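What follows is a set of notes on a single structure, which appears directly below.
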Amino acid sequence: MSSMDTARATTRAVKKTVQAAGAFFFAPHTVARGAELGLDGVTLYVAGRGGVLGDVDDAAVVAAFHHFTADALLPLWQGGRKVAPPERIGALYAQCARDWGREHLADLPEAARLAEITTTIVRANDLGALAPLYSAWRGVPLADDAPARLAQNLQTLREHRGGLHVLALAAHRLTAVEAQAAEASPYLEFYGHTKPFPQVTDELTARRRAAEDTTDELVAAAYAVLDEAESAEFAALAPALGARLAH
């Protein structure tokens, strides 16, 4: 296993790449697949991303998504359920991730190696009920081909970081709307929050920064499952992968 110092460096190096893993969320092919079911892009995003949870109750969905208010989230979740069972929409969304990988990552020379490295991380880190969306995505069967597997793993690692971030926010006594206001998120209203938003003070900014540092530390503990060579390789290959995710 790699040292924690190496894992921390890798976490910082791959952070933006992992956060960009939602490139398939509103990609044209994804939106088109949702339209075939009669779902608009935003409803598919909620019903698909959350559909891997299965037929859970409303409270579980709200807790899993965290950043959304119940008033904003539940109409989208329930709108999806009226069209198809959550499991079906979740499976469709996972397939959209795989298809995105096949379209955009197939000619990436390092795709196979990155698929191996990310699979190692996902398989070694079981967070159970602490991070429900991550745990659900972790349980989705993986594709056999490297580009599809890599795209799916990246989405799973995105949920991994997101789930750990929720824990870090709680540890630093930050509500979802406080955290989003402190980072000047452009999605406050999309998530259902209404004005007036929390005042961004130095103290709030400091707690938000501390929560981000805690998230990095928790993620690094998970990435420490890689050995030194794998960890360095992941960090070195991340920029090229991130460039693909950005387009």
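Hey, can you tell me all the residues within the range 193-215 that are surrounded by fewer than 19 Cβ atoms within 10 Å (Cβ to Cβ) and either aromatic (Phe, Trp, Tyr) or touching a helix residue (DSSP H, G or I) at 6+ places or on another chain (Cβ under 6 Å) (or both)?
Within the range 193-215, Phe197, Pro198, Val200, Leu204, Thr205, Thr214 qualify.
Taking the residues in the range 73-88 that are touching an Asp or Glu at 6+ places or on another chain (Cβ under 9 Å) and touching a residue at least 40 places away in the same chain (Cβ under 8 Å) as candidates, determine which candidate is farthest from Thr30 (Cα to Cα).
Looking at residues that are touching an Asp or Glu at 6+ places or on another chain (Cβ under 9 Å) and touching a residue at least 40 places away in the same chain (Cβ under 8 Å), I get Leu73.
Take the residues of the range 22-40 that are touching a residue at least 24 places away in the same chain (Cβ under 8 Å), assigned to a helix (DSSP H, G or I) and of a type in the set (A, V, I, L, M, F, W, C): which is surrounded by the most Cβ atoms within 10 Å (Cβ to Cβ)?
If we take residues in the range 22-40 being touching a residue at least 24 places away in the same chain (Cβ under 8 Å), assigned to a helix (DSSP H, G or I) and of a type in the set (A, V, I, L, M, F, W, C), then Phe24 is surrounded by the most Cβ atoms within 10 Å (Cβ to Cβ).
Being more than 17 Å from the chain's Cα centre (by Cα), free of Cβ contacts under 8 Å to residues at least 24 places away in the same chain and either crowded, with 16+ Cβ neighbours inside 10 Å or closer than 29 Å to Leu237 by Cβ (or both), is that true of even one residue in the range 103-115?
yes
Filter the range 126-139 down to residues that are in a helix (DSSP H, G or I) and either under 22 Å from Gly48 (Cβ atoms) or acidic (Asp, Glu) (or both) and give me whichever is most open to solvent (accessible area, probe 1.4 Å).
Filtering first and then ranking leaves Ala129.
List pairs: first in the range 181-210 and within 24 Å of Pro75 (Cβ to Cβ) and in contact (Cβ under 8 Å) with a residue 12 or more places away in the chain, second among the charged types (D, E, K, R) and assigned to a helix (DSSP H, G or I), Cβ under 7 Å, 6+ apart or cross-chain?
Note: pairs meeting the criteria are Gly192/Asp71.
Inside the range 75-125, can you point out the residues that are within 16 Å of Asp55 (Cα to Cα) and not in a helix (DSSP H, G or I)?
Ala84, Pro85
Taking the criterion of being surrounded by 17 or more Cβ atoms within 10 Å (Cβ to Cβ), at pLDDT 95 or above, over 19 Å from Ala63 (Cα atoms) and of a type in the set (A, V, I, L, M), would at least one residue in the range 154-173 satisfy it?
Yes, the conditions are met somewhere in the range 154-173.
One residue is enough: does the range 41-56 have a residue meeting the conditions assigned to a loop (DSSP other than H, G, I, E, B) and within 17 Å of the chain's Cα centre (by Cα)?
Within the range 41-56, one or more residues are assigned to a loop (DSSP other than H, G, I, E, B) and within 17 Å of the chain's Cα centre (by Cα).
The values are calculated or read from the model by the stated rules, or taken from the named source; none is laboratory data. Since the structure is predicted, the reported quantities are computational estimates derived from the model, not experimental observations. Every residue, glycine as well, gets a Cβ built from its backbone with ideal geometry; the counts of neighbours run over all protein chains shown. Protein only, heavy atoms only, side chains kept; ligands, DNA and RNA dropped before computing areas. Shrake-Rupley method; radii C 1.70, N 1.55, O 1.52, S 1.80 Å.
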